[in-house]
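Structure first, commentary second.
The values are calculated or read from the model by the stated rules, or taken from the named source; none is laboratory data. Please read these numbers as outputs of a predicted model, since none were measured by experiment. In this analysis, Cβ positions are derived from the backbone assuming ideal geometry, glycine residues included, and neighbour counts consider all displayed protein chains. Heads up: the accessible areas ignore ligands, DNA and RNA and are worked out on the full protein's heavy atoms, side chains in. Shrake-Rupley method; radii C 1.70, N 1.55, O 1.52, S 1.80 Å.
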Amino acid sequence: MKEESLETILDREYASFLTKEFSAFAKGIPYEVLFAWNLSLVQAAKIGNLTVPFSEKVPISDLLFKKRDNLLYFTKIYRQLTSVEEGFKNLLKTGPTTKPEKIQEVLEELTVSNPLSIKRGGKEYILCGEGEQKEALEKALKFPFFVLTGGPGTGKTTVVANVIRGLLRLGYDLKQIGLAAPTGRAAQRLKESLENTISNLRTKNRLDDSISEIPTSTLHRLLEYNPRKRNYKYGINFPLPYRVIILDEVSMVDLHMMYRLMEALSFGSENFRFILLGDPNQLPSVEAGAVLSDLVKSLKRINSENLIELKISHRQEEEFSSISKAAELCVRENISLSEFQENLPKTSHLDTIFFNSAHGFYQTRLDYKKSLPKKGQPLEARDQTLAGNQNFGTGYKKEWKEFLKRTAEEKILPIFSKLPDPNSPQELKEYLNKDLNRFKILTILRNGIFGSDYINKELAEMILHHKKGKLVQIGTKTYFSGLPILITKNDRVRGVYNGDTGLVLEVQTPNGGIELRALFYIEGEIRDFALDTLPPHEPAFAITVHKSQGSEYDSVFIIYPPDPSDIDTDEVSLELFKKEILYTAITRAKRSAFLISEEKLLEYSLRNRFERLTGFKLE
């Protein structure tokens, strides 16, 4: 008999608690039946589903559960889902409110008389001047509700920059436009991208320059979450003070956050607009739901004009072409491993990934020799054996440790010689905005020796062997100058949020001493914090692919664990090895992406998708 995992035991305990609480309101439903419903919904939510299949012809308590289309929901989830559906339906019913001739007049200025343009090889290219980008711009100005999707380099930010220019010319005030993204880093990237795009104006003018003054915020900041009261300032009885909301990286938004946002929208205000941006091929939200992919599928089914999918990449860098190609192949249906590999640069020799001149996408592998696990041995046991350095075979661990050592020496230590002067705001801004994102290790797993936690621990130890300086130990955490850190929990009091990335530096104190502090670039200003006042955080040499969403890096290493002996056994959980996680990892890279993997788990990723059961519908 297979022993229950701790996770299953906890699920059953929670389902038991719910069943006892629900029993008084579910007269006539046997305890065992009520428990089974609760357990199935609890476990479904943990893998992102909102509902479970339900074909039983039995009465249910509407107070506790809802049934629709042979699906069973908790009533609270069902109400959030139907509220979001109704919100989108109402938005779709709202027709154009601006006269077509006025839109054409504004389009003429945006794309002809004073466009955004770039020059290459002596030739000027008009941004949004033709094709799918121009069509997207026109529809975004025409419809109060608009959804724009596309992969990296397709020009979503270019379109949005022009949309904002157009809205200002249609009479919208700068202060009536709200820009938001799910995480701090995604919000900062949106602001940087808009500023970079606006700098391509053919003729500078005050109106367009003012776009850089529009703040960007996380959804929690936008809605002003109060952690003490555990609620939001803005909601159904106190709507947001904006006539335009533009939300980026919507693939990261779960059902609950979309419900909270839509509750706070000013649907009744004159000429209200709601614009959503994202890439439905990316990982779905961490919490339950699949808002963007559900919405896109529904809009396609009804042939809605409110959706445009950008498909053409406009990045000209030669190194990006194979990254773009890898991403495109990754999401293609029924792609085989051989087809994926044949259409990309040949598998790189390991030395290649440490050459700074190597650009583009490459797959490589470590030589784990004969120390692979015996058939039937779980990955967790293998990790424990290796971590404990027991008599299991030294080649496996040696090869991996050597790889991490080279990574520390050749990719990370050189960064420490270029740390910014803490007394120079310009240097700090440049480093926190750009240099901190030059290189990142992305992992599929968090735990085990191929997970981000172990890699961060090993790299920190290796780096400390090479550098001198002040060290601070707080609990189990060791801090030193140059350590990148990632916030993992929102802290509205301090103004730092999940996904914000900072840097530990030696800073001079008012009395002339030296203190290690954490510095962040937040909403246009540099802020520093005492290390013992930070909310939950972790080192960020390596982060999981999930936590990398909303960020971009010049170069990434994507770490897959070694293949199990048999993909169909319980040696490794296959839950994370899907197309979306590989696509998200690849598309974090701007110049080079190195996939360190063997073949079985990679092939499994290429053949499988995250399929979340939500029951979402607009029809």
Pairs needed: first member in segment 213-225, closer than 7 Å to residue 180 by Cβ; second member anywhere, open to solvent by 40 Å² or more (accessible area, probe 1.4 Å) and part of a helix (DSSP H, G or I); C-beta distance under 9 Å; at least 6 residues apart or different chains. 216/189; 219/260
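Could we say that residue 587 is of a type in the set (Val, Ile, Thr) and open to solvent by 10 Å² or more (accessible area, probe 1.4 Å) here?
Working: of a type in the set (Val, Ile, Thr): yes; open to solvent by 10 Å² or more (accessible area, probe 1.4 Å): no.
Taking the combined requirement at face value, the residue does not satisfy it.
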Residue pairs meeting the criteria (Cβ under 9 Å; at least 6 apart or on separate chains; first on the phi > 0 side of the Ramachandran plot and assigned to a loop (DSSP other than H, G, I, E, B), in segment 54-81; second charged (D, E, K, R) and open to solvent by less than 80 Å² (accessible area, probe 1.4 Å)): 69/617
Residue pairs meeting the criteria (Cβ under 6 Å; at least 6 apart or on separate chains; first small (Gly, Ala, Ser), in segment 107-124; second open to solvent by 90 Å² or more (accessible area, probe 1.4 Å)): 117/202
Based on this model, can you work out whether residue 376 counts as surrounded by fewer than 16 Cβ atoms within 10 Å (Cβ to Cβ), at pLDDT below 60 and outside any loop (DSSP other than H, G, I, E, B)? no
Which of the residues that make up segment 438-455 are open to solvent by 10 Å² or more (accessible area, probe 1.4 Å) and of a type in the set (Phe, Trp, Tyr)? 439, 454
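Each row is one residue, and each column tells you yes or no for (1) aliphatic (A, V, I, L, M); (2) more than 17 Å from residue 521 (Cα to Cα).
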residue: 155; (1), (2): no, yes
residue: 164; (1), (2): yes, yes
residue: 169; (1), (2): no, yes
residue: 190; (1), (2): yes, no
residue: 214; (1), (2): yes, no
residue: 221; (1), (2): no, no
Looking only at residues in segment 252-311 that are open to solvent by 50 Å² or more (accessible area, probe 1.4 Å) and basic (Lys, Arg), which one is modelled with the lowest pLDDT? 311
Whether any residue in segment 541-557 is buried (at least 23 other Cβ atoms within 10 Å of the Cβ), assigned to a strand (DSSP E or B), in contact with a Phe, Trp or Tyr (Cβ under 6 Å, 6 or more places away or on another chain) and modelled with pLDDT of 90 or more is what I want to check. yes
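Given the condition open to solvent by 60 Å² or more (accessible area, probe 1.4 Å) and either within 23 Å of residue 549 (Cα to Cα) or in a strand (DSSP E or B) (or both), answer yes or no: does some residue in segment 478-488 qualify?
no
This table checks each residue for (1) touching a residue at least 40 places away in the same chain (Cβ under 8 Å); (2) at positive phi; (3) among the aliphatic types (A, V, I, L, M).
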site: 232; (1), (2), (3): no, no, no
site: 244; (1), (2), (3): yes, no, yes
site: 285; (1), (2), (3): yes, no, no
site: 297; (1), (2), (3): no, no, no
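Kindly indicate which of 29, 47 is crowded, with 19+ Cβ neighbours inside 10 Å and either under 24 Å from residue 255 (Cα atoms) or not basic (Lys, Arg) (or both).
Numbers: 47 fails: crowded, with 19+ Cβ neighbours inside 10 Å.
Testing whether each residue is crowded, with 19+ Cβ neighbours inside 10 Å and either under 24 Å from residue 255 (Cα atoms) or not basic (Lys, Arg) (or both) leaves just 29.
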From the list 91, 81, 64, 71, exactly one residue is open to solvent by 20 Å² or more (accessible area, probe 1.4 Å) and either at pLDDT 90 or above or closer than 28 Å to residue 268 by Cβ (or both). Which is it? 71
If we keep only residues of segment 171-191 that are part of a loop (DSSP other than H, G, I, E, B) and out of contact with any Leu (no Cβ under 7 Å at 6 or more places or on another chain), then the residue most open to solvent (accessible area, probe 1.4 Å) is 173
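State all residues of segment 192-215 that are under 18 Å from residue 242 (Cα atoms) and open to solvent by 10 Å² or more (accessible area, probe 1.4 Å); if no residue qualifies, say none.
First, pick out the residues of segment 192-215 that are under 18 Å from residue 242 (Cα atoms): 210-215.
Scanning segment 192-215 gives 210, 212, 213, 215.
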Please count how many residues of segment 491-512 are farther than 29 Å from residue 227 by Cα and small (Gly, Ala, Ser). 1
Within segment 456-466, does at least one residue satisfy the condition of being buried (at least 16 other Cβ atoms within 10 Å of the Cβ), at pLDDT 85 or above, assigned to a helix (DSSP H, G or I) and within 21 Å of the chain's Cα centre (by Cα)? yes
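With the requirement that a residue be in contact with a His (Cβ under 9 Å, 6 or more places away or on another chain) and surrounded by 15 or more Cβ atoms within 10 Å (Cβ to Cβ), what does segment 489-499 give you?
In the first step, residues of segment 489-499 are kept if they are in contact with a His (Cβ under 9 Å, 6 or more places away or on another chain); the result is 489-490, 492, 496-498.
Passing the criteria: 490, 492, 496, 497, 498.
In segment 315-329, what residues are among the charged types (D, E, K, R) and either under 22 Å from residue 605 (Cα atoms) or modelled with pLDDT of 85 or more (or both)?
Step one: filter segment 315-329 for residues among the charged types (D, E, K, R), giving 315, 317-319, 325, 328.
If the condition is that a residue be among the charged types (D, E, K, R) and either under 22 Å from residue 605 (Cα atoms) or modelled with pLDDT of 85 or more (or both), then 325, 328 are the ones that fit.
Within segment 512-526, can one find any residue that is outside any strand (DSSP E or B) and modelled with pLDDT of 85 or more? It would help to see each step written out before you state the result.
Of segment 512-526, the ones outside any strand (DSSP E or B) are 512-513, 523-524.
Still in the running and modelled with pLDDT of 85 or more: none.
Among the residues of segment 512-526, not one is outside any strand (DSSP E or B) and modelled with pLDDT of 85 or more, which makes the answer no.
Hey, can you tell me all the residues within segment 106-156 that are part of a helix (DSSP H, G or I), at pLDDT 85 or above and surrounded by fewer than 16 Cβ atoms within 10 Å (Cβ to Cβ)? Walk me through how you get there before you give the answer.
Initially, segment 106-156 is screened for residues part of a helix (DSSP H, G or I), giving 106-113, 131-142, 156.
Now narrow it down to the ones that are at pLDDT 85 or above: 106-112, 131-142, 156.
The answer is 108, 109, 112, 131, 135.
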So residue 490 fits all but one of (1) polar (S, T, N, Q); (2) more than 16 Å from residue 188 (Cβ to Cβ); (3) at pLDDT below 85; what number is the exception? (2)
Quick check on residue 448: is it at pLDDT below 90 and closer than 30 Å to residue 563 by Cβ? yes
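Which count do you get for residues in segment 235-250 that are open to solvent by less than 40 Å² (accessible area, probe 1.4 Å) and either within 20 Å of residue 76 (Cβ to Cβ) or touching an Asp or Glu at 6+ places or on another chain (Cβ under 6 Å) (or both)? Show your work before the answer.
Keep residues of segment 235-250 that are open to solvent by less than 40 Å² (accessible area, probe 1.4 Å), which gives 235, 240, 244-250.
Now restrict to residues that are either within 20 Å of residue 76 (Cβ to Cβ) or touching an Asp or Glu at 6+ places or on another chain (Cβ under 6 Å) (or both): 235.
The qualifying residues number 1.
Is one or more of the residues making up segment 63-74 among the basic types (Lys, Arg) and either under 22 Å from residue 295 (Cβ atoms) or touching a Lys or Arg at 6+ places or on another chain (Cβ under 6 Å) (or both)?
From segment 63-74, those among the basic types (Lys, Arg) are 66-68; that's our starting set.
Adding the requirement that they be either under 22 Å from residue 295 (Cβ atoms) or touching a Lys or Arg at 6+ places or on another chain (Cβ under 6 Å) (or both) leaves 66, 68.
So far as segment 63-74 goes, yes, one or more of its residues are among the basic types (Lys, Arg) and either under 22 Å from residue 295 (Cβ atoms) or touching a Lys or Arg at 6+ places or on another chain (Cβ under 6 Å) (or both).
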Please find, within segment 157-170, the residue that is farthest from residue 198 (Cα to Cα) out of those that are open to solvent by 10 Å² or more (accessible area, probe 1.4 Å) and under 24 Å from the mean Cα position of the chain (by Cα). 157
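When you check residue 440 against the structure, is it part of a strand (DSSP E or B) and either small (Gly, Ala, Ser) or touching a Phe, Trp or Tyr at 6+ places or on another chain (Cβ under 7 Å) (or both), yes or no?
On the way: part of a strand (DSSP E or B): yes; either small (Gly, Ala, Ser) or touching a Phe, Trp or Tyr at 6+ places or on another chain (Cβ under 7 Å) (or both): yes.
Yes, satisfied.
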Residue selected from segment 507-523 under the condition surrounded by 12 or more Cβ atoms within 10 Å (Cβ to Cβ) and either free of Cβ contacts under 8 Å to residues at least 40 places away in the same chain or touching a Pro at 6+ places or on another chain (Cβ under 7 Å) (or both), by the criterion farthest from residue 425 (Cα to Cα): 515
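Out of segment 486-527, which residues are of a type in the set (Gly, Ala, Ser) and within 27 Å of residue 453 (Cβ to Cβ)?
Looking only at segment 486-527, we keep the residues that are of a type in the set (Gly, Ala, Ser), and these are 495, 499, 502, 512-513, 518, 524.
495, 499, 502, 518, listed by residue number.
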